[in-house]
Amino acid sequence: MISGDMTVGRLLDQHPELIEVLASRHPHFDQLRDRTRRAMAAHVTLTEAARMAGVPVEDLLAALRRAAGEVPPLGAEERPPEKPSAVGAASGSRPDVPPSRQVHLDVREDVRRGQEPFGRIMAAVKGLRAGEALVLRAPFEPVPLYRVLGQRGFLHWTERLAEDDWSVWFHRGEGGEPAAPTAAQTSPQAALRPLTIDVRGLEPPEPMVRILEAVERLQAGETIEVLHERRPMFLYPQLDERGFRHETDEPEPGTVRIVIRHGGAGA
């Protein structure tokens, strides 16, 4: 059954013909006709996609289910339609962060070219210092980031500047400072042991975020072993750009193992 927590990427893998339904609902979905431009599709749920496009969630799900030949369950609870934000509308009050403490990142062209923007975004977030805010420009409301960064103590303020231009400020709330490395993470003995990250069962974009955060801490000679449910095709270009070596195998059905090594001396 097609549901709101299904990702757009998974939907189109199972029902490629449903691209016509998505494209008829909003011009932004039309970009997904080109498989090379589906960078965000692997990470965005249908609920989040509907919100980003200003389309009522239940209306979109009903149309997709009808086109796929599915019948909605009897008595299914329907959510009230979500109204799209008007151009110029903003949520709450903009954070009081002076220009000198603002870090600006524009990923609009990345997304339009079909490039994965999560790596750049998380690198910018990682580099934020106390009192700084990330000011992100995107061609749609980056709803998945609210959940991912919210789990890390970040608050957000959102403003829609144009049909395809959103400005989102991410800043740390109280208690949202990054945790200091533990002794186990920093000891020489721990550095010699391969780190294993199990991202099976996690909802996108959490697997990508966790893996990229881990590889950013890799030192020369260190290795990370990732256990995944599938081959993360959008991860490989991110690793190549950063100079990391990687190998993938499938030790057992349903488990994909990616071994990532630092590309520096001693690797």
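The values are calculated or read from the model by the stated rules, or taken from the named source; none is laboratory data. Predicted model, so just to flag it, every value in this text is computed and none were measured. With ideal geometry, Cβ positions are generated from the backbone for all residues, glycine too; neighbour counts draw on all protein chains shown.
In the stretch 237-251, how many residues are over 22 Å from the mean Cα position of the chain (by Cα) and charged (D, E, K, R)?
Count: 4.
If you go through the stretch 22-51, how many residues are closer than 15 Å to P142 by Cβ, at pLDDT 70 or above and not in a loop (DSSP other than H, G, I, E, B)?
6
Looking at the stretch 164-267, what helices (runs of 4 or more DSSP H) fall wholly within it and have at least 2 residues that are β-branched (V, I, T) and modelled with pLDDT of 80 or more?
Result: 206-216.
Please work out which residue is modelled with the highest pLDDT, limiting yourself to the stretch 52-74 and to residues that are outside any helix (DSSP H, G or I) and buried (at least 18 other Cβ atoms within 10 Å of the Cβ).
The qualifying residue modelled with the highest pLDDT is P56.
Quick test of your reading of the structure: D249 fulfils all but one of (1) acidic (D, E); (2) farther than 30 Å from V143 by Cβ; (3) surrounded by 15 or more Cβ atoms within 10 Å (Cβ to Cβ). Name the failing condition by number.
Against the list (1) acidic (D, E); (2) farther than 30 Å from V143 by Cβ; (3) surrounded by 15 or more Cβ atoms within 10 Å (Cβ to Cβ), D249 comes up short only on (3).
When you check L134 against the structure, is it at pLDDT 85 or above, over 22 Å from R112 (Cβ atoms), surrounded by 13 or more Cβ atoms within 10 Å (Cβ to Cβ) and of a type in the set (A, V, I, L, M, F, W, C), yes or no?
Spelling it out, it is not the case that L134 is at pLDDT 85 or above, over 22 Å from R112 (Cβ atoms), surrounded by 13 or more Cβ atoms within 10 Å (Cβ to Cβ) and of a type in the set (A, V, I, L, M, F, W, C).
Considering only residues that are closer than 14 Å to F118 by Cα and in contact with a strand residue (DSSP E or B) (Cβ under 9 Å, 6 or more places away or on another chain), look in the stretch 201-213 and name the one that is surrounded by the fewest Cβ atoms within 10 Å (Cβ to Cβ).
By that ranking, first place goes to R210.
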